[in-house]
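Peer 1: Before we start, here is the structure in question, set down as structure tokens.
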Protein chains: 2
Amino acid sequence: MAGLKQVQRQTGVALWRQIADRIREAISSGAYDETGMVPPETVLALQFGVNRHTVRSALAALAQEGIVRAVQGRGTLIERKERLNFPITKRTRFSAGIGDQAREMRGLLLDEAREEASAEIARWLHLKPGDQVIRLETLRQADKRPVSRATSWFPAERFAGIGAAYRKGESITKAFAELGLSDYVRATTEVTAAHAGAADMADLELTPGAILLITKAMNTDLDGVPVQYSISRFAADRVQFTIEN
Amino acid sequence: MAGLKQVQRQTGVALWRQIADRIREAISSGAYDETGMVPPETVLALQFGVNRHTVRSALAALAQEGIVRAVQGRGTLIERKERLNFPITKRTRFSAGIGDQAREMRGLLLDEAREEASAEIARWLHLKPGDQVIRLETLRQADKRPVSRATSWFPAERFAGIGAAYRKGESITKAFAELGLSDYVRATTEVTAAHAGAADMADLELTPGAILLITKAMNTDLDGVPVQYSISRFAADRVQFTIEN
DNA sequence: TTCAAATGTCTATTGATATAGACAACCATA
DNA sequence: TATGGTTGTCTATATCAATAGACATTTGAA
């Protein structure tokens with residue numbers, strides 16, 4: 001790990017936030033695995049070329065996120081460092097791929113609504129604008145920790161009752177199975193990144209300025225008929241995607 | 001587009017930066033296509049619930065990026081709004097997919113080095129740690145505008161001279177062809193997101209606090225033998241990825 | 001020509017950010 | 001139990017970020 005380079009001065013983003021990002025990245029990359037601790041505040045201050053108080057602000061933010069825990073007299077211990085891997089493959093089975101990485105994977109239904117398809121949703125689901133669709137607002141957690149927040153649309157007549165099915169099975173796959181769709185495939189996925197907004201920050205327990213990985217995905221049944229369109233927002237510092245071709 | 005919601009107060013990230021991000025997003029989503037202009041500063045200030053001076057700081061930042069141009073007495077004109085789409089498919093042809101979106105796609109070789117494979121690189125390329133590899137540092141531009149910054153490793157003995165070939169053809173595909181590898185496939189791709197560091201900020205002409213989309217990809221020849229491992233950093237506000245399964 | 005609407009510039013004030021230094025409290029261990 | 005290394009707390013100061021108000025300058029259209 002030799003030495004983290006000095007931070008450069010940026011306008012618009014507080015120094016302590018930039019340093020928090022750097023330390024979070026270093027932790028997640030295993031730079032401090034030998035000791036299981038972050039270097040002393042004075043050392044970090046020297047490495048980054050900033051005042052010790054600034055480092056303390058950064059560490060306080062990381063402690064708030066539950067990543068580190070400071071103990072007076074000893075040092076700052078690393079509490080969590082994992083980054084969940086989400087495979088993006090033709091056969092979409094989020095829960096399956098995650099099973100070995102987290103003990104408890106849950107999907108919570110935050111809201112359900114029946115509404116008319118917008119032009120964009122209609123295009124993705126091969127419907128006419130105004131056709132009825134069901135919208136689900138869901139939150140995925142790994143070991144009690146929120147990982148992603150998704151908004152999904154389904155053709156209303158084919159998937160009536162999917163809200164209740166999701167609430168019961170806590171996953172899209174199980175909800176589909178409950179409604180008689182035993183298999184489906186991922187058709188297209190778009191990936192972008194952006195800063196988190198207010199609502200997502202709250203749901204995903206993010207600190208201000210955090211990054212989201214955003215996927216827009218369309219799934220079809222085995223006949224190629226669209227069954228789901230969804231926009232998912234992932235906490236970027238907790239996940240990575242893997243695309244296997 | 002009705003109305004952009006009020007921004008919330010965040011610590012650590014300057015308000016004007018958050019607002020710049022929101023406006024950039026609105027421009028790229030086509031919200032202001034009718035007029036080709038951003039709403040007046042006073043209107044934006046009202047929409048976001050901030051002072052006009054704060055909006056001006058945001059617009060100044062966007063002007064610095066070349067996205068808008070303010071004209072006294074008229075308004076603030078939109079100069080650029082595109083977001084390049086990069087398909088991530090088995091057959092990786094970056095230049096091909098981009099052809100219809102940008103007039104001029106270039107790949108510049110920033111640096112070339114022959115070095116020993118680290119443990120990680122060796123693992124990806126199915127080599128032994130310490131085996132010779134060639135590392136290329138490249139920069140991709142679309143219409144003179146930097147889009148991504150990549151670091152790629154190749155087995156040295158098989159692809160000796162790939163630096164010169166890349167400099168000549170300005171793409172990995174052409175460089176491979178020059179060296180007798182006419183076809184190759186994308187084996188695995190990992191996608192993450194993070195804030196840009198100093199070096200990438202400079203190369204990609206990013207403003208402080210900008211987001212990077214990061215891919216780690218391994219390509220093989222048609223026999224499944226690894227030919228390239230690369231880490232690419234994309235300016236997140238200029239691109240999106242599309243995964244077609 | 002006049003006027004409304006838009007951006008440009010200036011001054012002033014408040015709170016957040018960053019630096020600096022000093023010292024207290026706590027922990028592990030020699 | 002003494003000591004060195006570490007985090008916790010306090011005070012003080014300078015700079016940046018954000019708000020507020022006033023007015024100048026430019027443009028396009030009535």
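The values are calculated or read from the model by the stated rules, or taken from the named source; none is laboratory data. Every value quoted in this text rests on a predicted model; they were computed, and no experiment measured them. Here the Cβ positions follow ideal geometry from the backbone for every residue, glycine too, while neighbour counts run over all protein chains shown. Only protein heavy atoms, including side chains, enter the accessible area calculation; ligands, DNA and RNA are left aside. Shrake-Rupley method; radii C 1.70, N 1.55, O 1.52, S 1.80 Å.
Peer 1: So, in the stretch B:45-54, exactly how many residues are free of Cβ contacts under 8 Å to residues at least 40 places away in the same chain and either near DNA strand C (Cβ under 8 Å from one of its atoms) or away from every other protein chain (no Cβ under 14 Å) (or both)?
Peer 2: So the answer is 5.
Peer 1: While we're here: Given the options B:Arg149, B:Arg145, name the one that is away from every other protein chain (no Cβ under 12 Å), in contact with a helix residue (DSSP H, G or I) (Cβ under 6 Å, 6 or more places away or on another chain) and under 30 Å from A:Val13 (Cα atoms).
Peer 2: B:Arg149
Peer 1: Which one is farthest from B:Ala210 (Cα to Cα) among residues in the stretch B:25-44 that are touching a strand residue (DSSP E or B) at 6+ places or on another chain (Cβ under 6 Å) and away from DNA strand C (no atom under 12 Å from the Cβ)?
Peer 2: Taking the candidates together, the pick is B:Gly36.
Yes/no per residue for (1) charged (D, E, K, R); (2) within 10 Å of another protein chain (Cβ to nearest Cβ); (3) crowded, with 18+ Cβ neighbours inside 10 Å:
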| position | (1), (2), (3) |
| --- | --- |
| A:Arg167 | yes, no, no |
| A:Thr173 | no, no, yes |
| A:Arg186 | yes, yes, yes |
| A:Met201 | no, yes, yes |
| A:Leu212 | no, yes, yes |
| A:Ala217 | no, yes, yes |
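Peer 1: May I pose another question? Within the set of pairs 6 or more residues apart or between chains, which connect a residue that is within 8 Å of chain A (Cβ to nearest Cβ) and near DNA strand C (Cβ under 10 Å from one of its atoms) inside the stretch B:12-24 to a residue that is part of a helix (DSSP H, G or I) and open to solvent by less than 20 Å² (accessible area, probe 1.4 Å) with Cβ atoms less than 6 Å apart?
Peer 2: Within 6 Å, the pairs are B:Gly12/A:Arg17.
Peer 1: Give the residue that is modelled with the lowest pLDDT, with candidates limited to residues of the stretch A:8-39 that are farther than 27 Å from B:Thr207 by Cβ and of a type outside the set (A, V, I, L, M, F, W, C).
Peer 2: Among those that are farther than 27 Å from B:Thr207 by Cβ and of a type outside the set (A, V, I, L, M, F, W, C), it is A:Gly30.
Peer 1: Report yes if A:Glu178 is at pLDDT 85 or above, of a type outside the set (A, V, I, L, M) and farther than 24 Å from A:Ala236 by Cα, otherwise no.
Peer 2: Criteria met by A:Glu178.
Peer 1: Considering only the stretch A:89-98, I want to know if a residue exists there that is within 13 Å of chain B (Cβ to nearest Cβ), modelled with pLDDT of 85 or more and either open to solvent by less than 30 Å² (accessible area, probe 1.4 Å) or out of contact with any strand residue (DSSP E or B) (no Cβ under 6 Å at 6 or more places or on another chain) (or both).
Peer 2: Within the stretch A:89-98, not a single residue is within 13 Å of chain B (Cβ to nearest Cβ), modelled with pLDDT of 85 or more and either open to solvent by less than 30 Å² (accessible area, probe 1.4 Å) or out of contact with any strand residue (DSSP E or B) (no Cβ under 6 Å at 6 or more places or on another chain) (or both).
Peer 1: Pick from B:Ser28, B:Ser57: which is within 11 Å of DNA strand D (Cβ to nearest atom), surrounded by 15 or more Cβ atoms within 10 Å (Cβ to Cβ) and under 20 Å from A:Gly12 (Cβ atoms)?
Peer 2: Answer to the check: B:Ser57.
Peer 1: Within the stretch A:226-239, identify whether any single residue is more than 10 Å from chain B (Cβ to nearest Cβ) and more than 18 Å from A:Gly107 (Cα to Cα), and answer yes or no.
Peer 2: yes
Peer 1: How many of the residues making up the stretch A:151-165 are within 20 Å of the chain's Cα centre (by Cα) and open to solvent by less than 10 Å² (accessible area, probe 1.4 Å)?
Peer 2: Summing the residues that are within 20 Å of the chain's Cα centre (by Cα) and open to solvent by less than 10 Å² (accessible area, probe 1.4 Å) in the stretch A:151-165 gives 1.
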